[in-house]
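**Student:** One structure, as structure tokens, below. Some questions next.
The values are calculated or read from the model by the stated rules, or taken from the named source; none is laboratory data. These numbers come from a predicted model, not from an experiment. When we count neighbours, we look across all protein chains shown, and the Cβ atoms used for this are built from the backbone with ideal geometry, even at glycine.
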Amino acid sequence: GNSGVLLHMSEPDTVWPRSIECQLKAGQAGDFVTFQGVRFKELVEGRVLEKKAESSEKSPGQWNSYDITCRGNTIRVFVNGVLQNEATETTVSSGKICLQSEGRPIEFRNIYIESLE
């Protein structure tokens, strides 16, 4: 299904809050989607920055590994160990982390959050 991980989420408290989404939708895992005017250096126009590498997703029904690193105003996302995308000079660098499902069930497991300090 269409889902993702919303990073640096802040006000307004709406369905699509100010944030950067790391997309999990099949075939698009690793894309970045921005909401409420969030920008970053690599996003020249629009709200979506497609992943940089060929898809490293596993077949539907199999577990995928999704590693996201947020350091300052830089975000890097790895899908099954392959760097898929990087956002630098983001206009947001703090906020909540949200797991998102858009209209279809999704399962998450083995979620780890670590401080980089």
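Listed here are the residues, each with its yes/no results for (1) of a type in the set (G, A, S); (2) out of contact with any Leu (no Cβ under 6 Å at 6 or more places or on another chain); (3) crowded, with 17+ Cβ neighbours inside 10 Å.
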{"position": "A29", "(1), (2), (3)": "yes, yes, yes"}
{"position": "G37", "(1), (2), (3)": "yes, yes, no"}
{"position": "K41", "(1), (2), (3)": "no, yes, no"}
{"position": "E45", "(1), (2), (3)": "no, yes, no"}
{"position": "E50", "(1), (2), (3)": "no, yes, no"}
{"position": "A53", "(1), (2), (3)": "yes, yes, no"}
{"position": "Y66", "(1), (2), (3)": "no, yes, yes"}
{"position": "T74", "(1), (2), (3)": "no, yes, no"}
{"position": "F78", "(1), (2), (3)": "no, yes, yes"}
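**Student:** Still on this structure, please answer the following. Filter region 56-92 for residues that are of a type in the set (A, V, I, L, M, F, W, C) and within 12 Å of the chain's Cα centre (by Cα) and give the result.
**Tutor:** I68, C70, I75, V77, F78, V79, A87
**Student:** Then there is this: Give all pairs with beta carbons closer than 8 Å in which a residue from region 36-62 that is closer than 16 Å to G4 by Cα meets a residue that is acidic (D, E); count only pairs at least 6 apart in sequence or on separate chains.
**Tutor:** Here the result reads V48/D31; L49/D31; L49/E42; E50/D31; K51/D31, each pair linking region 36-62 to a residue that is acidic (D, E).
**Student:** Among the candidates E86, E21, single out the residue that is out of contact with any His (no Cβ under 6 Å at 6 or more places or on another chain), assigned to a strand (DSSP E or B), over 22 Å from F108 (Cβ atoms) and modelled with pLDDT of 95 or more.
**Tutor:** Answer to the selection: E86.
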